[in-house]
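Engineer: A single structure is presented below for examination.
Nothing in this text is a laboratory measurement; each read-out follows from the coordinates by a stated rule. The model shown is predicted, which means the values in this text are computed figures rather than measured ones.
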Amino acid sequence: MPLNIFGKRERKTTPRGPVITKEQFLKSKPVRNPALNWSQYPSGEVAIFVKQEPTGITKLMAKIVKPPSEKKILLDRVGSFVWSLCDGEHTVEDILKELMSKYKLQRREAEASLTLYLQMLFRRMLIGFMIPGVKPPNEKPTEEKGD
């Protein structure tokens, strides 16, 4: 192990899911979590409502004060635009092109911003991805029956 003069340890991270190529990512279709409730305001902004279960100390406090049963996430104009396109029909490439066209962005800038935004939505379990050629982990392989 090399000497680290700044005293920080290198983190060893393992991928949490299948590692996909950039081409697979661009061809994937983001889809909203069907367990979520959301609504769009007349201004175009989207509000996502996430159910909250009390855990740990909040469970104790819930006996005294009733906490809200759901958390509201309000997306800005650009985030709401992307959210509306995460319908399982549009690919990431389609969303990227729409973003570049509507907001007059260069491809590199739009791609970097969109990738980070979609990753954040994915980490918060607000969206998932349908990746062509990759089966979901809970899907059983189909058995072929012979004649």
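Engineer: Taking only the alpha-carbon atoms of segment 22-130, what semi-axes of the equivalent ellipsoid follow from 5 times the gyration tensor eigenvalues under a square root, in whole Å, largest first?
Structural biologist: The equivalent ellipsoid of segment 22-130 has semi-axes of 31, 15, 12 Å.
Engineer: Another question about this same structure. Non-local amide H neighbours of W38 (under 5 Å, H modeled in plane, Pro and chain starts lacking H): which ones?
Structural biologist: Distant-sequence amide H within range of W38: F49.
Engineer: Which ³J(HN,Hα) values, rounded to whole Hz and listed in residue order, are derived for segment 65-81 from phi using the Karplus coefficients 6.51, -1.76 and 1.60 in 6.51 cos²θ - 1.76 cosθ + 1.60 with θ = phi - 60°, glycine and proline given as x?
Structural biologist: Working through the residues one at a time gives 10, 6, x, x, 7, 9, 9, 9, 10, 9, 8, 6, 4, 5, x, 5, 4 Hz.
Engineer: Taking Cα centroids, how far is segment 27-57 from segment 66-122 in Å?
Structural biologist: 13 Å
Engineer: Read phi for every residue in segment 30-39 and hand back ³J(HN,Hα) as whole Hz from Karplus 6.51 cos²θ - 1.76 cosθ + 1.60, θ = phi - 60°, with x for Gly and Pro.
Structural biologist: Here the 3J(HN,Hα) series is x, 9, 5, 5, x, 7, 8, 9, 8, 9 Hz.
Engineer: Please list, in order along segment 125-130, the HN-Hα scalar couplings obtained from phi with the Karplus expression 6.51 cos²θ - 1.76 cosθ + 1.60 (θ = phi - 60°), rounded to whole Hz, x for Gly and Pro.
Structural biologist: Rounded to whole hertz, the list is 6, 8, 9, x, 10, 9.
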